[in-house]
1. Would you call Leu204 part of a helix (DSSP H, G or I), closer than 20 Å to Ile120 by Cβ and at pLDDT below 95?
2. Answer yes or no as to whether Val242 is aliphatic (A, V, I, L, M), under 17 Å from Leu220 (Cα atoms) and either open to solvent by 50 Å² or more (accessible area, probe 1.4 Å) or in the same structural domain as Thr431 (by the TED database) (or both).
3. From the list Leu259, Leu281, Leu249, which residue is farther than 23 Å from Ile20 by Cα, open to solvent by 10 Å² or more (accessible area, probe 1.4 Å) and of a type in the set (A, V, I, L, M)?
4. If you go through segment 84-107 one residue at a time, do you hit one that is hydroxyl-bearing (Ser, Thr, Tyr) and out of contact with any helix residue (DSSP H, G or I) (no Cβ under 7 Å at 6 or more places or on another chain)?
5. Looking at Gly270, is it in the same structural domain as Asn374 (by the TED database), in contact (Cβ under 8 Å) with a residue 24 or more places away in the chain, farther than 27 Å from Ser27 by Cα and not hydrophobic (A, V, I, L, M, F, W, C)?
6. So the check is Cβ under 6 Å with 6+ separation or different chains; which pairs have a first residue in segment 1-22 that's over 23 Å from Leu284 (Cα atoms) and a second one that's assigned to a helix (DSSP H, G or I) and of a type outside the set (S, T, N, Q)?
7. Looking only at residues in segment 54-70 that are touching a residue at least 40 places away in the same chain (Cβ under 8 Å) and aromatic (Phe, Trp, Tyr), which one is nearest to Arg209 (Cα to Cα)?
8. Go through (1) in a strand (DSSP E or B); (2) at pLDDT 90 or above; (3) in contact with a Lys or Arg (Cβ under 6 Å, 6 or more places away or on another chain) and name the single condition Phe141 misses.
Amino acid sequence: EVDWFSLASIIFLLMFAPLIVYYFIMSCDQYQCSLVSPLVDLLLGNMRLLDIWDKTPPLTYKAAGIYALWVTLQVILYAFVPDFCHKFLPGYVGGVQEGAVTPAGVVNKYEINGLQAWIITHVLWFANAYYFHWFSPTIIFDNWIPLLWCANILGYVVSTFAMIKGYFFPTNAKDCKFTGNFFYDYMMGIEFNPRIGKWFDFKLFFNGRPGIVAWTLINLSYAAKQQELYGQVTNSMILVNVLQGIYVLDFFWNEAWYLKTIDICHDHFGWYLGWGDCVWLPYLYTLQGLYLVYHPVQLGTANAVGILILGLVGYYIFRVTNHQKDLFRRTSGNCKIWGKKPEYIECSYMSVDGTKYYSKLMTSGFWGWARHFNYTGDLMGSLAYCLACGFAHVLPYFYIVYMAILLTHRCIRDEHRCFSKYGKDWKRYTTKVPYRLLPGVF
């Protein structure tokens with residue numbers, strides 16, 4: 001059943017999330033990234049909504065062609081080019097891997113080749129920039145709003161197709177979830193793992209490709225535009241490219257680990273993931289680079305070094321915390337965390353068929369500091385991206401506000417699920433590890 005608050009939130013997001021994306025991008029295109037000026041113009045009668053819309057670049061055949069080629073390339077790299085990186089990169093886990101057990105008891109197999117797709121895509125990008133010259137490196141920025149319409153079309157088409165598929169020809173009918181509420185089912189999804197054929201998994205493809213592969217290309221295009229406009233690339237733009245590039249590479253290096261995360265293990269595939277990965281992610285996660293095209297910031301050496309350290313420490317916490325949890329799970333606690341055996345709480349839970357299972361919740365290492373300390377590292381990195389843009393405008397700080405809300409919501413959602421699963425054992429765990437994100441604070 002869908003409670004009234006969840007339904008209201010979903011209707012709000014369906015109505016306003018596309019408008020939020022448009023407003024941010026339009027503000028940069030027409031108002032030099034000021035979020036206040038459009039509202040002031042409208043309230044004072046200096047501008048009408050229709051005037052703003054008329055000045056917005058429309059969908060073009062060029063943008064449609066670029067976007068179609070981009071998605072086609074990523075589909076080919078995902079579905080038809082088996083991974084070879086795992087054969088020569090020590091420590092990298094690629095190729096065919098198993099996901100988690102679905103609620104219906106299915107264990108899906110995945111072709112993990114995201115790192116390979118990222119490498120091939122970027123080799124082609126740099127080969128074009130320095131040798132072939134088929135297109136300008138600024139092509140993404142120059143067609144940014146027309147490409148927004150293409151991304152929206154794909155996002156809505158994929159989300160609608162996934163809903164229709166869930167009703168009429170699901171990949172696994174036992175893994176479908178019907179609430180009877182159209183808006184909730186459309187937003188949150190019906191099918192758990194919609195697939196076409198053996199390997200094309202909607203959830204893995206749209207979570208990682210085309211949006212996240214594009215993330216670093218988008219930033220490179222912003223840097224190229226800075227070079228074109230001002231004759232140099234600022235150290236703030238370099239910082240954003242480097243820190244976000246590390247995050248993207250980390251995602252693809254650990255793509256097999258990603259199969260065990262909340263997105264793959266618990267979320268169904270609907271508009272939230274379909275449209276979100278096509279539009280929200282590439283357009284709002286890259287706001288810092290977009291802002292720096294309009295407002296280049298050259299940081300002082302001390303500020304630049306401080307921001308770099310904040311970003312790298314945040315990444316270190318994010319990665320090491322996740323590694324500790326993964327090591328603990330893989331070895332069932334027979335390992336060393338910070339040089340000694342990890343502490344943990346034994347838990348039990350019942351499955352729907354009445355079978356009793358046992359699990360362990362680690363209470364040492366970073367997981368003894370806070371129950372979601374990996375999110376704390378993530379937030380430190382997010383803050384570093386924003387600080388690189390200075391303090392002249394609020395727009396680049398949207399990302400840290402959004403991530404704080406998103407990750408706090410994830411904490412609550414995950415803990416609600418864990419309490420339902422473990423009951424009194426979860427209370428024992430939260431007594432042992434009382435803080436969620438910030439030790440001593442929250």
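The values are calculated or read from the model by the stated rules, or taken from the named source; none is laboratory data. This is a predicted model, so every value here is computed, not measured. For neighbour counting, all protein chains shown are included, and Cβ atoms are generated from backbone atoms with ideal geometry for every residue, glycine included. What goes into the accessible areas is simple: the full protein's heavy atoms, side chains included, and nothing from ligands, DNA or RNA. Shrake-Rupley method; radii C 1.70, N 1.55, O 1.52, S 1.80 Å.
1. yes
2. It is true that Val242 is aliphatic (A, V, I, L, M), under 17 Å from Leu220 (Cα atoms) and either open to solvent by 50 Å² or more (accessible area, probe 1.4 Å) or in the same structural domain as Thr431 (by the TED database) (or both).
3. Leu249
4. Looking through segment 84-107, none of the residues is hydroxyl-bearing (Ser, Thr, Tyr) and out of contact with any helix residue (DSSP H, G or I) (no Cβ under 7 Å at 6 or more places or on another chain).
5. No, not satisfied.
6. Val2/Tyr184
7. Trp70
8. (1)
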